[in-house]
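Take a look at the structure set out below.
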Amino acid sequence: MPEPELEDPTKPALQNDYDVVIIGAGLTGLSLACWLLQLAQDEQKTLPSVCLLEPRLAYHNDRTWCFWDLSPHPFRELITHRWSSWEVSEGDRSVRQSGGTFSYAMLPADVCYEYARSTIEKAPAMDLLLGITVDTVEQTDGAVVVEGPQGRWQAKAVIDTRPPAEHQLKSAAGFWQVFSGLQIACPDHGFETSTATLMNFQPSRTQACFVYQLPLDKDNLLVEWTAFQPGKVAFDYQSDLESWLVQQGLGGYQVTRSESGMLPMMPIAGQKSPGRVVRAGVGAGWMRAASGYHFASCQRGCEALARQILSAKTSGDWLLQPPRVRPRWLDWMDEVFLRAMKQHPEKTPEWFLELFATTTAEQMSRFMNDEPRLADAFAVANALPRGPFIRAAMPW
């Protein structure tokens with residue numbers, strides 16, 4: 001009779017055995033947990049046991065998520081601000097669209113984090129562990145073991161929401177969207193509170209730069225300076241933003257919060273084959289390459305994964321299919337657009353202005369939210385000059 005295998009004394013002790021381990025409890029991990037809880041309740045299905053492993057020790061109001069409010073999701077009632085109109089501008093030219101029955105919406109991180117954490121804490125089948133880093137994910141017969149310095153966890157399936165690895169990024173085919181933002185208190189700032197400025201392009205000889213401006217009310221603004229950088233170089237644009245605020249006559253403001261980030265605006269090689277380990281979030285290519293928008297596609301991906309997980313809990317088949325959050329032809333359109341931008345960076349403001357000037361609010365909101373109809377795609381294609389984009393679409 002063979003001797004039983006002994007536990008490696010150099011490894012941390014195995015923690016609880018779960019149905020699902022979610023690596024990362026940022027937007028994607030927390031959204032997936034909330035979708036699981038909501039769908040299990042709505043459809044009266046058995047909730048799997050879930051453990052979320054998050055490296056941060058505490059949550060902070062470190063970002064905002066914006067999107068067009070077109071579809072339901074677990075956080076919809078938490079939206080703090082909506083704008084009925086949005087605009088793109090450069091110099092004296094400005095193009096505005098109005099949504100009518102729908103809006104451009106904002107969800108602050110702290111509101112999202114607090115709701116998700118309190119919801120998870122009320123669910124006996126779910127655990128959220130902070131301060132946990134993951135080094136390895138190993139598949140064995142019928143299980144997956146996740147290991148890091150703080151311990152080991154076993155699951156029937158693992159959802160990995162960590163950022164993309166360098167080898168996944170097609171960096172030559174895109175940009176890094178680098179931004180520095182301030183939320184400021186500035187009484188009677190004078191900007192129209194019903195309109196969000198998505199892009200106010202600024203003069204630049206080397207790269208496209210714009211100010212993103214959200215009037216929260218008549219006394220408060222969220223403003224960001226954003227640059228499309230060809231390389232991954234962290235850069236603080238706060239001085240540029242402060243200079244712009246002074247130019248607008250807003251020198252007497254008070255900073256209430258700051259945020260910054262670096263987003264990969266480039267194609268990301270996603271997972272195609274089913275498995276017990278599934279990538280999700282930005283690392284799975286869910287973020288929109290040509291814009292950096294992520295929230296709406298993240299919700300669609302998390303809903304699809306949650307439905308698969310609930311079915312797996314019933315059937316016992318834990319081979320999960322990585323969800324597609326947008327049509328393949330939309331990814332192709334984004335790659336062509338990014339290549340054209342790299343070939344003609346000086347034309348970027350003009351092209352965005354034409355996009356918003358030639359399409360309707362309905363078409364652009366669906367297109368930007370990754371929910372386009374074919375007619376929307378044709379409208380976008382017709383808004384752009386044929387020559388540069390045909391050349392960008394060529395394989396050479």
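The values are calculated or read from the model by the stated rules, or taken from the named source; none is laboratory data. This one's a predicted model, so the numbers in the text were calculated from it and none came from an experiment. No Cβ is skipped: glycine too gets one built from the backbone with ideal geometry, and neighbour counts run over all protein chains shown.
Please determine whether any residue of the stretch 271-292 is aromatic (Phe, Trp, Tyr), in a loop (DSSP other than H, G, I, E, B), surrounded by fewer than 21 Cβ atoms within 10 Å (Cβ to Cβ) and not assigned by TED's automatic domain parsing to the domain that holds Pro372. No: zero hits. The criterion of at least 3 residues that are in contact (Cβ under 8 Å) with a residue 40 or more places away in the chain, in contact with an Asp or Glu (Cβ under 9 Å, 6 or more places away or on another chain) and among the hydrophobic types (A, V, I, L, M, F, W, C) is met, among strands (runs of 3 or more DSSP E) falling completely within the stretch 86-132, by 126-130. Taking the stretch 213-268 only, how many residues are in a loop (DSSP other than H, G, I, E, B), of a type in the set (Asp, Glu) and under 20 Å from Pro187 (Cβ atoms)? Residues meeting the conditions: 1. The number of residues in the stretch 122-146 that are over 26 Å from the mean Cα position of the chain (by Cα) and either acidic (Asp, Glu) or not assigned by TED's automatic domain parsing to the domain that holds Leu53 (or both) comes to 2.
I'd like to verify a number: residues in the stretch 121-138 that are touching a strand residue (DSSP E or B) at 6+ places or on another chain (Cβ under 7 Å) and surrounded by fewer than 11 Cβ atoms within 10 Å (Cβ to Cβ), how many? Counting residues in the stretch 121-138 that are touching a strand residue (DSSP E or B) at 6+ places or on another chain (Cβ under 7 Å) and surrounded by fewer than 11 Cβ atoms within 10 Å (Cβ to Cβ) gives 2. If you go through the stretch 28-47 and keep only what is crowded, with 22+ Cβ neighbours inside 10 Å and either at positive phi or in contact with a Lys or Arg (Cβ under 8 Å, 6 or more places away or on another chain) (or both), you end up with just Leu30. Among the residues of the stretch 311-341, the ones that are surrounded by fewer than 19 Cβ atoms within 10 Å (Cβ to Cβ) and more than 19 Å from Ile268 (Cβ to Cβ) come to 6 in all. Against the list (1) over 25 Å from Trp351 (Cβ atoms); (2) touching a residue at least 60 places away in the same chain (Cβ under 8 Å); (3) surrounded by fewer than 20 Cβ atoms within 10 Å (Cβ to Cβ); (4) not assigned by TED's automatic domain parsing to the domain that holds Leu130, the condition Arg56 fails is (4). Within the stretch 319-327, none of the residues are part of a helix (DSSP H, G or I), aliphatic (A, V, I, L, M) and either modelled with pLDDT of 95 or more or closer than 16 Å to Ser297 by Cα (or both). For the stretch 115-162, a tally of residues being closer than 11 Å to Leu53 by Cβ and aromatic (Phe, Trp, Tyr) returns 1. For the stretch 342-396, the candidate set comprises residues that are surrounded by fewer than 18 Cβ atoms within 10 Å (Cβ to Cβ) and among the polar types (S, T, N, Q); within that set, the residue that is farthest from Ser89 (Cα to Cα) is Gln343.
Assess whether Leu214 counts as being buried (at least 22 other Cβ atoms within 10 Å of the Cβ) and within 30 Å of Arg82 (Cα to Cα). Considered against the rule, which asks whether it is buried (at least 22 other Cβ atoms within 10 Å of the Cβ) and within 30 Å of Arg82 (Cα to Cα), Leu214 comes out as yes.
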